[in-house]
Amino acid sequence: WLAGPQLMARRFEQLRKGGAEPDTWLDDFGREMQQTQLAELDARLQPVLGLIETFSTEVKRLTQNMRKQSDGTQPAALVHPCLRKSYMSMSPDLQTLRAFVAVAREGNVSRAAERLHLSQPAVSLQLKSLATSTGLLLFTRTPQGLALTRDGAALLPHAEKTLAAASDFGQAAQNLHS
């Protein structure tokens, strides 16, 4: 969207000097503008994809380094051995990451669900799905609600960066419509 005025000025100058056909210069401008916008969107998308890949890599690293948790639970025992090979075969979706971050911040599934305008069972299922796909115990129950485990705390900044990058991407795409 920033390149539009520059492209228009260049195309208009070509038309004025007779270097472009009046019937096709607007079509050429439109194609060139579309290619520029796609390149700008692609440039905004690459960091998002990189952060998702970083998140997945961190999950794999944590999975490989599973250790007995300080609270006495053993994440490896929570997942059937046949399923351990397929951890993170699919990247988590943004809604699941939003639920993870909201519960981590709120410390309570009900409050997080209310903040996300979802039902409590829906948020619980998203957390369960993320824990299953990562093979990690992300939260422990406390009398006050839920607390992040070390693994959950290690993944939280990656989830937040991924959501921020996705938001930036969406804003950039929206700006291209302006």
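The values are calculated or read from the model by the stated rules, or taken from the named source; none is laboratory data. Note that the coordinates shown come from a computational prediction; the quantities given were computed from them, not determined experimentally. Neighbour counts run over all protein chains shown; Cβ positions are idealised from the backbone, glycine included. Ligands, DNA and RNA are excluded from the accessible area calculation, which covers all protein heavy atoms including side chains. Shrake-Rupley method; radii C 1.70, N 1.55, O 1.52, S 1.80 Å.
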Next on the checklist: List pairs: first residue in region 164-178 and closer than 25 Å to A102 by Cα, second residue assigned to a helix (DSSP H, G or I) and at pLDDT 85 or above anywhere in the structure, Cβ distance under 8 angstrom, at least six positions apart or on different chains.
Outcome noted: A166/L94
Checklist entry - In region 127-149, how many are assigned to a helix (DSSP H, G or I) and over 16 Å from G107 (Cβ atoms)? => result 7
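Within region 150-178, take every residue that is within 30 Å of L38 (Cβ to Cβ), among the small types (G, A, S) and not in a loop (DSSP other than H, G, I, E, B) and give me the one that is nearest to the chain's Cα centre (by Cα).
Taking the candidates together, the pick is A166.
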Checklist outcome for this item: With the first residue restricted to region 116-143 and required to be without any contact (Cβ under 8 Å) to a residue 24 or more places away in the chain, and the second required to be surrounded by fewer than 13 Cβ atoms within 10 Å (Cβ to Cβ) and assigned to a strand (DSSP E or B), Cβ contacts under 6 Å at 6 or more apart or on different chains are none
Next on the checklist: I'm trying to understand the selection: among the residues of region 73-115, which are more than 19 Å from the chain's Cα centre (by Cα), assigned to a loop (DSSP other than H, G, I, E, B), modelled with pLDDT of 50 or more and among the small types (G, A, S)?
Outcome noted: G107
Item to check | Top-ranked residue in region 29-52 [being touching a residue at least 12 places away in the same chain (Cβ under 8 Å) and among the charged types (D, E, K, R); ranked as least open to solvent (accessible area, probe 1.4 Å)] | outcome: E32
